[in-house]
Amino acid sequence: MKQKKVWEVCAVLMFGMQILSGCKAGETAQTEKIHVGVTYYNQSDTFLNEMLSSFREELKLAAGTSETTVTVLDAAGAQRTQDDQVKELIDMGCDVLCVNLVDRADPSEIIDLARDNDVPIIFFNREPVAEDLMQWDGLYYVGAEAKQSGIMQGELAAEVIRNNEKVDRNGDGKIQYVVLEGEAGHQDAIIRTGYAVDTLKNQGIMLEKLSYQIANWSRPQAQNRMEQMIGQYQNQIELVLANNDDMALGAIDAYKGANYTENTWPIFLGIDGTHVGLQAFLEGELAGTVYNDKEGQAEAMAHLAVEISDGTVHPEKYTYLPYIKITEENVREFLERQ
Ligand code: BGC
């Protein structure tokens, strides 16, 4: 609020000076400047790094002739750090903030800071609960619907299993599977797993769950968890459902390091369509992935940031971009997008 008041005073003074110097308002028009502050939960996240590099490009396009500055901070997995970063970004004079929460259930301090200083926030990728988003007009969310990605992953897995009887290696009519899950409490973890498994069952695939492990979206953690599961179940695992591509790739890393020939490997499914994920699909290592439209999300966030940076209130609080199934036909097109 205080900052806005200072700007209002400056604007009045500048207007006064224009009158004194005899200029009309339009003649001295200067380039607008938009400063966007971003903080995200962890700089080692593959998907978010790709999304944010797209955001920088999209913001320039969305801003047209206005000058843009983007300050990106890494919260390194600590909500307290992120709360401090939000304060720092507001003190730097950011017009709008884009926040990828560390703990999506704990945005209250950030919301209070934003409201007190009249700086709008676009939350992205890690969705706050609806009651939090309703606390103030200047709060928005850009992301995608977890349910849709789970259903698509399940459909892709069912198709591969139906078309390839070798997936059921022991021929018992059931698919022995394990799950690699993202962070507990993240909307994309439990929901993706639940819908992927239900969809497989609804499509008539008989399943037997051997185990699941939380690997926090991380490739090295997934490799480690997968090594443990290989140790426990040896060559019994026929399907690995991973909540994202990085964890599916970590599972593949584990098999590469283990002493199993490829014809005893399970099939692996991910979600995201990151650069490495699409490459792995193209090379046949990943049996399927679902595109988490980072360019679409980046573009939506950029347009919204520009629109609300001057205090405009956008009518829609939520923007969800659809997921897309990656196929042999479209994989190259998606690789070229990046
Ligand atoms: C992505 C993951 C990412 C996570 C971070 C998910 O939507 O699929 O790859 O690690 O968001 O919050």
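The values are calculated or read from the model by the stated rules, or taken from the named source; none is laboratory data. These numbers come from a predicted model, not from an experiment. All Cβ positions, glycine included, derive from the backbone under ideal geometry; neighbour counts span all protein chains shown.
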Check on LYS201, basic (Lys, Arg), free of Cβ contacts under 8 Å to residues at least 12 places away in the same chain, under 24 Å from LYS147 (Cα atoms) and away from the ligand (no atom under 16 Å from the Cβ): yes
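More than 21 Å from the chain's Cα centre (by Cα) and more than 22 Å from ASN42 (Cα to Cα), is that true of GLU165? Lay out the reasoning, then the answer.
Working: more than 21 Å from the chain's Cα centre (by Cα): yes; more than 22 Å from ASN42 (Cα to Cα): yes.
So GLU165 fits the description; yes.
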Unique residue being away from the ligand (no atom under 14 Å from the Cβ) and touching a residue at least 12 places away in the same chain (Cβ under 8 Å) when the list is ILE271, ILE237: ILE237
Given the condition surrounded by fewer than 22 Cβ atoms within 10 Å (Cβ to Cβ), modelled with pLDDT of 95 or more and on the phi > 0 side of the Ramachandran plot, answer yes or no: does some residue in the range 301-311 qualify? no
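Looking at the range 234-245, which of its residues are surrounded by 15 or more Cβ atoms within 10 Å (Cβ to Cβ) and more than 20 Å from LEU278 (Cβ to Cβ)?
Going through the range 234-245, the residues surrounded by 15 or more Cβ atoms within 10 Å (Cβ to Cβ) turn out to be 235-245.
Residues satisfying the conditions are ASN235, GLN236, ILE237, GLU238, LEU239.
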Among ILE175, ILE90, ILE161, which is more than 29 Å from ASP246 (Cα to Cα) and in contact with a strand residue (DSSP E or B) (Cβ under 9 Å, 6 or more places away or on another chain)? ILE90
Quick check on the range 245-262: of everything there that is assigned to a helix (DSSP H, G or I) and without any contact (Cβ under 8 Å) to a residue 24 or more places away in the chain, which residue is farthest from the ligand (Cβ to nearest atom)? GLU262
